[in-house]
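Each remark here refers to the structure printed beneath this line.
The values are calculated or read from the model by the stated rules, or taken from the named source; none is laboratory data. Being a predicted model, the structure only gives us computed values, none of them experimental. With ideal geometry, Cβ positions are generated from the backbone for all residues, glycine too; neighbour counts draw on all protein chains shown.
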Amino acid sequence: MSEQADELAIPRDFVKDLFDLRDRTAVVTGGGSGLGRAIAIGFAQAGVTNLILDVNDEGGEETVRTIAGQAGPPAQYRHVDVTAKSEVEAAAAWAAETVGRVDILVNSAGSAFRSPAEDFPEEKFDFIVGLNLKGTYLCCQAFGRVMLEQGAGSIINLASIGSFIAYPWASAYLASKGGVLGVTRALALEWRDRGVRVNAIGPTLMDSPLTRAAAQRTSITADFIKARMLRPRLGLPRELIGAAIFLASEASTLVTGHTLMCDDGYLVA
Ligand SMILES: NC(=O)c1ccc[n+]([C@@H]2O[C@H](COP(=O)([O-])OP(=O)(O)OC[C@H]3O[C@@H](n4cnc5c(N)ncnc54)[C@H](O)[C@@H]3O)[C@@H](O)[C@H]2O)c1
């Protein structure tokens, strides 16, 4: 067979390993709660060794215990504030030492604050944008360097329906999530010929501690979003696991700079 015909052939067992993540390592920021925790547990069930980074020590340790309880590869937790560059860089060095390589990075550390734009407190704006956007950027940068050195890696950022549309009392959050799209595309472009893919997942409103905490301040934002849903139901954290496995695996080698919406069709309507 000629070399070209070889490349075009589909080997008999090609699909068998397409989604295989066994023996991969993942760093999951915000893995101590909600969506990050679900993705880390899903990864562990696929054979991935997780490093959980969070500032919520109890939550982080709980994720590690849950994975151990399911006999997943031993996960480790480290207290890391993703908005502190020195902590993020120390974590990247620790990860490379502890597990040798970083195949996957999930940036799920994030928060929300509800306020009318005209009264949005400056320090809350700085906090939300600093965490959701700069925190994501700093982690992409530090763990991206490890991946570039390896010549391989997959980064998955948490975007949102709010990366594309607006809803009330969430101006800092919307600004930060629009920024996450820009970072995702920028890094995908810069790193596309060096083996590092950068994508995002865009969830609908999810049933998570973040959503519940934000709703305590006001239901204006959630009511607005829910009124425009195709069917009135929040997403479940476990419903993002398949998308994360797809983006982390060989099944998505041509996918970079993309935002995979997991929004129950929200943006279609
Ligand atoms: N919940 C939703 O409806 C929804 C929808 C779309 C996108 N998202 C995004 O998904 C991500 C995860 O959301 P979630 O619902 O799981 O929230 P969550 O509050 O359940 O979890 C977020 C985690 O981030 C951690 N964290 C906060 N500040 C940190 C810091 N400085 N350093 C490290 N960790 C920090 C928290 O301790 C927490 O464990 C966020 O980026 C969020 O914006 C959430």
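Could you list, ordered by first residue, the pairs with Cβ atoms under 7 Å in which the first is in region 201-226 and in contact (Cβ under 8 Å) with a residue 12 or more places away in the chain and the second is more than 7 Å from the ligand (Cβ to nearest atom) and among the polar types (S, T, N, Q), at least 6 apart or interchain? Close Cβ pairs (under 7 Å, with a partner that is more than 7 Å from the ligand (Cβ to nearest atom) and among the polar types (S, T, N, Q)) amount to Gly202/Ser163; Gly202/Thr259; Ala214/Thr221. Within region 213-222, the set of residues being away from the ligand (no atom under 12 Å from the Cβ) and either small (Gly, Ala, Ser) or loosely packed, with under 13 Cβ neighbours inside 10 Å (or both) comprises Gln216, Ser219.
Hand me the list of strands (runs of 3 or more DSSP E) wholly inside region 22-86 holding 1 or more residues that are more than 13 Å from the ligand (Cβ to nearest atom) and within 16 Å of the chain's Cα centre (by Cα).
Numbers: elements: 25-29, 49-54, 76-79.
In region 22-86, the matching strands (runs of 3 or more DSSP E) lie at 25-29, 49-54.
Screening the candidates Tyr167, Tyr137 for the property of being under 20 Å from Met261 (Cα atoms) and in contact with a helix residue (DSSP H, G or I) (Cβ under 8 Å, 6 or more places away or on another chain) yields one hit, Tyr167. Residues that are within 14 Å of the ligand (Cβ to nearest atom) and aromatic (Phe, Trp, Tyr) were ranked within region 147-193; the one that is nearest to Thr253 (Cα to Cα) is Phe164.
Out of the residues in region 223-236 meeting the condition of being among the hydrophobic types (A, V, I, L, M, F, W, C) and within 14 Å of the ligand (Cβ to nearest atom), tell me which one is nearest to the chain's Cα centre (by Cα). I'd like the intermediate steps shown before the answer.
First, pick out the residues of region 223-236 that are among the hydrophobic types (A, V, I, L, M, F, W, C): 224-225, 227, 229-230, 234, 236.
Checking the rest, the ones that are also within 14 Å of the ligand (Cβ to nearest atom) come to 224-225, 229, 234, 236.
Numbers: Phe224: 25, Ile225: 22, Met229: 23, Leu234: 18, Leu236: 15 Å.
Out of the qualifying residues, it is Leu236.
Comparison of Gly135, Gly110, Gly162 shows that the only residue that is at pLDDT 95 or above and outside any helix (DSSP H, G or I) is Gly110. For Arg233, indicate whether it is outside any helix (DSSP H, G or I) and surrounded by 13 or more Cβ atoms within 10 Å (Cβ to Cβ). Taking the combined requirement at face value, the residue does not satisfy it. Listed by first and then second residue, the pairs with beta-carbon distance under 6 Å, at least 6 apart or on different chains, first residue in region 136-150 and under 20 Å from Leu181 (Cα atoms), second surrounded by 22 or more Cβ atoms within 10 Å (Cβ to Cβ) and of a type in the set (Ser, Thr, Tyr), are Cys139/Thr29. Within region 254-269, residues that are surrounded by 17 or more Cβ atoms within 10 Å (Cβ to Cβ) and β-branched (Val, Ile, Thr) reach partners that are in a loop (DSSP other than H, G, I, E, B) and at pLDDT 95 or above with beta carbons closer than 6 Å, at six or more positions or on different chains, in the pairs Thr256/Arg192; Thr259/Ala159.
Criterion first (under 27 Å from Met147 (Cβ atoms) and assigned to a helix (DSSP H, G or I)) does Ala251 satisfy it? Spelling it out, Ala251 is indeed under 27 Å from Met147 (Cβ atoms) and assigned to a helix (DSSP H, G or I).
Every test in (1) touching a residue at least 40 places away in the same chain (Cβ under 8 Å); (2) closer than 21 Å to Ala112 by Cβ is passed by Ala46 save one, and that test is (2). Being touching a strand residue (DSSP E or B) at 6+ places or on another chain (Cβ under 6 Å), surrounded by fewer than 24 Cβ atoms within 10 Å (Cβ to Cβ) and in a helix (DSSP H, G or I) holds for only one residue in Leu174, Leu210, Leu187, and it is Leu187.
Would you confirm whether any residue within region 57-79 is closer than 19 Å to Lys134 by Cα and either surrounded by 16 or more Cβ atoms within 10 Å (Cβ to Cβ) or hydrophobic (A, V, I, L, M, F, W, C) (or both)? Explain how you work it out, then say what you get.
Here is the first cut: in region 57-79, the residues closer than 19 Å to Lys134 by Cα are 79.
Filter once more, keeping what is either surrounded by 16 or more Cβ atoms within 10 Å (Cβ to Cβ) or hydrophobic (A, V, I, L, M, F, W, C) (or both): none.
No, region 57-79 contains no residue that is closer than 19 Å to Lys134 by Cα and either surrounded by 16 or more Cβ atoms within 10 Å (Cβ to Cβ) or hydrophobic (A, V, I, L, M, F, W, C) (or both).
Considering (1) within 15 Å of the chain's Cα centre (by Cα); (2) within 15 Å of the ligand (Cβ to nearest atom); (3) crowded, with 21+ Cβ neighbours inside 10 Å, the lone condition that Arg197 does not fulfil carries the number (2).
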